[in-house]
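Below is one structure, written out as structure tokens; the observations come after it.
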Amino acid sequence: MAYGLMAFVGLCAISADAAMDRNRVESFEKRVRPLLANRCWQCHGAKKQQAGLRLDSAEAVAKGGDSGPVVRPGDAAGSRLIQAVRHDGELKMPPQKRLRESEIATLIEWVDQGAGWPTSPHPTGADGAGLFSQSQKSYWAFQPIRSPQPPVAATGHRILSPVDRFLIASLKQQRLSPAPPADKPTLLRRVTFDLLGLPPTPDEIRSFLADASPGAFDRVVDRLLSSPHYGQRWGRHWLDVARFVETVGPSGQAVMPSAWRYRDYVIGAFNADKPYDEFVIEQLAGDLLSASPDQIAERTIATGFLMFGPKPIAEQDKEKLVLDLIDEQIDVTGRAFLGLTIACARCHDHKFDPIPTRDYYSLAGIFYSTKTLRSRDPTRWMEWELDVPGRTEKMLVLAVQDGAPTDLRVHIRGSHRSLGKPSPRRFLQIIAGEDHAPIASKQSGRLELARWIANPENPLTARVMVNRIWQWHFGTGLVATSDNLGFAGERPSHPELLDWLASRFIDHGWSVKSMHRLLLNSSAFQMSSKNRSRHAGRDGHVVDPENRLLWRFKPRRLEAEELRDAMLAGSGRLDHSAGGSHLDYHVRYLDGVPGDDGLAFLNLGGKTYHPYYRNCRSVYLPVIRQRLPKIFRRFDAGDPNEVKSKRTETTVAPQALFMMNNAFVRQQSFHLARELLNLRNATTEDRLRQAHIQLFGRPPTAVETRAGLDYLRHYGEALRRLGRSQTVGFSTGTKLVVTIERAHHGFRAMTPTIAKILRDPSDFRIRLSVTSVERERAHHNPPADWEPLALVRASTATQERLPIESDGSLRIDGDSPLPARYELVAETDLARIGAIRLEILPDREQSAEKFGRDLLAIAEIRLATAPRGKSNVEMRPAGLHNATAQIAEDRLTISPVIDSDQNTNWPVGPEGHHTSVVILETEDPRLAPWQSYCRALFCSNEFIYVE
Amino acid sequence: MTTLPLTRRQLLQRTGCGFGHLALLGMLGTPASCGAQRAPAANPLADKTPDFAPRAKRVIFLFMHGGVSQVDSFDPKPVLSKLDGQPLPQSWIQSAVPFGQNLKKDKPLPLLRSPWSFHPHGESGVEVSTLFPHIAGAIDDICVVRSMSHDSVSHAPAMQEIHTGSGVFKRPSAGSWILYGLGSENQNLPGFITICPPTLDSGTHNFGPAFLPASYQGTPLGETSGRGRKDDARRAGFTDLYPADDRLLQRLELDFVQAKNRRHLETAGRNTQLEARIASFELAFRMQAEAPEAVDLSLETSETLALYGVNREPTDNFARQCLLARRFAERGVRFIQATHSYKWDQHGGLKRLHARNAHEVDQPIAALLADLKRRGLLDDTIVLWGTEFGRTPVAEGQDGRDHNPYGFTIWLAGGGIKGGTTYGATDEVGFFAVENKLTIHDVYATVLHLLGLDHTSLTYPFSGRDFRLTDVEGDVVRKIIS
């Protein structure tokens, strides 16, 4: 079975017996039933009934044996069954071998708790003539959606929305009361992150705090819902469900260069409040809808939804490969829209849910009749060129197309070599009815399937989506297993509320934004998140530690994307531009990814790319399977190989290390510090205040202001004690000037191979990176801590400016006359530079070996550094005895280590070509304490949690 | 040998700052009261005294993801060879056990003999197949348990079952429970490290704390997605270990962060996430001193590297994991897991792929046992080798086996385990565990016992009742203890 087919499948099935809670049922199915089966049924089961006793059904146990009942529910000590298994009377059962103590304890516990006996669903319909058993048919999630009346709430509670009536009713049952309202700054920060994934701006805070009129919060919600950032946040939620990714996988890294169009489609759909039923239909069958000319592209792109699963590229058996792709499509369709793990029924009837294998192959027929693969060439797998009316050029799209309608037969045990009964294309029988009419279409049937899913009568679709919307607002869904509403999933905590929301969702035209308004304008969303003991009433954290009843708002840690975006927003560096792709359009195959752990460059087939050069919103960063940027992996962004609408939240030391030491955090602290220092006519207190408002959405308290002032002073003193006075030495923020001098004999006088390279119009790139890691560590430390420097200026010896590439590198054009000297200027906020790395990379795909050899032939590189504390002086060559040169992947990497005490030259290749490094001190010396202070605020719990 | 935890004095020296931080240091190293009530100490990870004298101090869990076939590795079945190709007799199927529909409904599936032969090894003469020649050489240190069973038939719940004891509910991982029970011997490294954990099949839940305080979360080192890449372990390192500026300045900054976080915690009320995050910053600070060296395999001799098979294919990836596990073990990390990626799921291609997988892990695992032994660490380290379920003795296709949770094999070594022995048995063809059946609860009850903990009193109150790693089950298997 392909991995990931059954992410969460429990073994037990829940009873129709409402009296037994889930824990008890699990306990019974896991312990009691197997125990009875293994140790008792041999003599007291279907075949034999020693002493007239059977122990294999509720009725039989209640009836007892020849001498009457053997179980007295609630009274283990008085039950003959227990006496017998204890071997403490005359009757000793089982006669041969006494049960283990733990087994006896299990039976005692079971009897003491009432000897409940859940009815187990039998996927094959064991209890009747039909395909499904009564308990399957009556399972809650398959029942029509009801529209119950909200309960009448007790007085004394703040009711803002009908939602609150449902919640308060269940809190009352547990004698719990909801938390008081959150304060305004907390609420604004909460709702802004919730809808935009960004913190509120100082202006927004000011205006909300000043607005005491009724409806102030509603207006905030309206403002946020009309922001383009809303779709970037909520679209990302959906991209988790759709397992969006931009490479083919599972392990190969062929790029899907037009995958981004689907991302833009999703973001646009949320921003436009596209009705959810339409959204569903477009993603499954947008290409089959009749469309006006301006809808064609959008509706075709939407079907990219079916294309993102990991592709078993290596599979040699073509038919199996196709069936594996279809399996993944069934899996994502089932989980994303219906909350069912349909793909479990590929080899056998679903073990828990009433999904016979025939249903699986009915759906498989629909996808079999759909074209997914275009070519066996992994770089041209699935994308094709669409004619778009009104456009002269064709558009490359990642989308399915209809193929020849085909019905499949059941594949016995999932093997296409062993065929069983025919299974005409149709839907799930448990919902659509047993033996409902097959799809009578000349098309694949995708459109019919999509319409069946998006039909208001479908009991699952609306429930699944409102449950997810709830989860994304409140942290946990009303059904906690939000991707599985089947038997192995959990039961809803508030079934009536779930139905009420689902029916309202449908009635309001499947509007997601309308659902947001309903949920956010509730007192439940606006409660405080503080976990305090109550003076009156019961403590929520004792009675309901998981907060399933919502007695307070559940605080949450920022998700990975939010964390990155919030730091960029806090430092003022966030690039708000939207849409498009940051993967190079022409890149087709991502071969060697250097081991720089996401912070440095990904090498995309000769092109290079650095995720953090772009300060765009995280949702627009490329999603490369198995190579998510480090910040995403550290902070639980999940694996794009899997449909997963709920992120986990871990708390581990590597996250703290990231915050303390990672260059990204340090850089944002640097920029924020600089911005604070640039405030005009501001006192230190003003700056502290601004920092708090930008990061926490509130001004500092008096204690915090004092703590801040003290901190800045102590830090300055510590710098002085370390001999780092504020006016001399490397201060935070350095300018780095690298000069590269051409070899005396010039590039051109090289071997024919080099000449050939240089004939290429775009020859190579030069890129700088630095690290603070000290010499001895850098020696055997993997280059994980290298951070790239974007060049801010590049010029020739004659001060002619050279254009900087968008990724911060300099491109050297081999065809133009080469200047004798380059000067490259970059800035770093590092206080201490342990090493500088210069990379020369080919600009086009070239043989790595040839490139390296040729490069070594032409370059002699020397570096020089300044002694500490001197600035703007002529540098002497220094400290390169630990330098290493590596030709790896397809680049030459030179990693000299700066050490001002040494005076060693390090030549490579023929003489005459130099690189020298000059370090200048340029920044405001006050920066260091402020940078540290800003990072401390970024590290704080208040920053990283939404309360 | 084991690195001792830092004394307060050493810590002060090492961090290079004064007594202004004593408030924080209070979080360290206070031995907590022992026994049934493990009240959260000021430092939840402080080294705790066990309930009784332990045989072992730590656990290394070597996990083979996908499902290793017992009848091809550690559970010899001569009858299976004899009956090769014949249908599994219906009478052998225990109808009481719920299992895959196919066995009953379809035409009876043919039994498939093992392509590997079994031979006795060591002084004990325990039989191991030719799949694992290196491990076979260490068999006198190993107790093979051939009667494992549970009833989760698919990967995700089975993974959870093995890691947490529950295939259905989100329960704390065994490593989290053990860390909760014993704390960590080394305050400069996480007490529970999982090397290259899989991102799929219950993912982080396999090393998550569930309802235990979040500080008992396992810390991942690297990760494995799907079947993994051969450089996963090479790439697995703690990163961001180097402060960009002086440690003294960093300490100053961190003190400011923590003071702010504690003030914040007071207003937020009880919240183990916030507490755990405060503790994680302290641990991170201390890790900077020790973690770089702990994961630096270049400090190993070439003899050791060769012993494990580092820098050689196909062993390099898992060899690195095993060697890291040993380095963590000698530094006092309480629970260490190394996962061999999701490769063992041979519904087809059994012969070729089980062989390939075994090649990747056999030498590294044997090397780990030998290396622990020569360093005197095997005496107090339990090595647990396991998989989420076994495979069926009947064939799937021509050359494959389906999932089989009803009878499979794990093994244990070191830390008070009786080596050169076997425990329990499956039926004649290796389908169902029939003799001395064990569940993972029994295994963990035994592991906790060896660690000096009574599994019935290691409890945590949650949602109105006291939870245990072993739920209400589990018996200490005294016969496998030396």
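The values are calculated or read from the model by the stated rules, or taken from the named source; none is laboratory data. Please read all numbers here as calculations on a predicted model, not as lab measurements. Neighbour counts run over all protein chains shown; Cβ positions are idealised from the backbone, glycine included.
Okay, here's what the table says:
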| item | result |
| --- | --- |
| 2 or more residues among the aromatic types (F, W, Y) and in contact (Cβ under 8 Å) with a residue 40 or more places away in the chain: qualifying helices (runs of 4 or more DSSP H) within region A:624-694 | A:663-677 |
| Selected residue (criterion: nearest to A:N521 (Cα to Cα)) from residues of region A:185-206 that are part of a helix (DSSP H, G or I) and among the hydroxyl-bearing types (S, T, Y) | A:T192 |
| Qualifying positions in region B:267-276 - part of a helix (DSSP H, G or I), within 36 Å of the chain's Cα centre (by Cα) and without any contact (Cβ under 8 Å) to a residue 24 or more places away in the chain | B:A268, B:L274 |
| From A:S441, A:S418, A:S423, residue being surrounded by fewer than 22 Cβ atoms within 10 Å (Cβ to Cβ) and more than 14 Å from every other protein chain (Cβ to nearest Cβ) | A:S441 |
| Number of the condition not met by A:T476 [criteria: (1) of a type in the set (S, T, Y); (2) outside the structural domain of A:R335 (by TED's automatic domain parsing); (3) farther than 19 Å from A:K646 by Cβ] | (3) |
| Answer from A:R335, A:R299 - the residue that is surrounded by 21 or more Cβ atoms within 10 Å (Cβ to Cβ), without any contact (Cβ under 8 Å) to a residue 24 or more places away in the chain and either away from chain B (no Cβ under 14 Å) or not small (G, A, S) (or both) | A:R299 |
| Residues of region A:641-680 that turn out to be facing chain B (nearest Cβ under 9 Å), under 22 Å from A:V245 (Cβ atoms) and either among the basic types (K, R) or in contact with a Phe, Trp or Tyr (Cβ under 7 Å, 6 or more places away or on another chain) (or both), as a count | 1 |
| Test result for A:R33, farther than 30 Å from A:H411 by Cα, assigned to a loop (DSSP other than H, G, I, E, B) and modelled with pLDDT of 75 or more | no |
| Set B:R234, B:R146, B:R171: member being touching a helix residue (DSSP H, G or I) at 6+ places or on another chain (Cβ under 9 Å), charged (D, E, K, R) and surrounded by fewer than 24 Cβ atoms within 10 Å (Cβ to Cβ) | B:R234 |
| Candidates B:R263, B:R277, B:R270 - the one that is within 9 Å of chain A (Cβ to nearest Cβ) and over 29 Å from A:Y715 (Cβ atoms) | B:R270 |
| Total residues in region A:66-83, condition within 19 Å of A:W41 (Cβ to Cβ) and buried (at least 19 other Cβ atoms within 10 Å of the Cβ) | 6 |
| Checking A:R627 against (1) within 14 Å of chain B (Cβ to nearest Cβ); (2) under 20 Å from A:R263 (Cα atoms); (3) at pLDDT 85 or above, the condition it does not meet | (3) |
| Qualifying positions in region B:283-324 - within 14 Å of another protein chain (Cβ to nearest Cβ), crowded, with 17+ Cβ neighbours inside 10 Å and outside any helix (DSSP H, G or I) | B:V295, B:E300 |
| Extreme residue, nearest to A:N661 (Cα to Cα), among residues of region B:249-274 that are surrounded by fewer than 21 Cβ atoms within 10 Å (Cβ to Cβ) and of a type in the set (D, E, K, R) | B:R251 |
| Selection count, region B:224-249, where residues are under 21 Å from the mean Cα position of the chain (by Cα), at the interface with chain A (Cβ under 7 Å from one of its Cβ atoms) and either within 16 Å of B:I193 (Cβ to Cβ) or among the β-branched types (V, I, T) (or both) | 3 |
| Residue that is under 22 Å from B:L369 (Cα atoms), in contact with a Lys or Arg (Cβ under 9 Å, 6 or more places away or on another chain) and among the aromatic types (F, W, Y), where the choices are B:Y423, B:Y444 | B:Y423 |
| Boolean, B:P115 is modelled with pLDDT of 95 or more, in the same structural domain as B:E360 (by TED's automatic domain parsing), over 19 Å from the mean Cα position of the chain (by Cα) and assigned to a strand (DSSP E or B) | no |
| All strands (runs of 3 or more DSSP E) inside region B:425-481 with 2 or more residues being within 11 Å of another protein chain (Cβ to nearest Cβ) and within 27 Å of B:F74 (Cβ to Cβ) | B:433-435 |
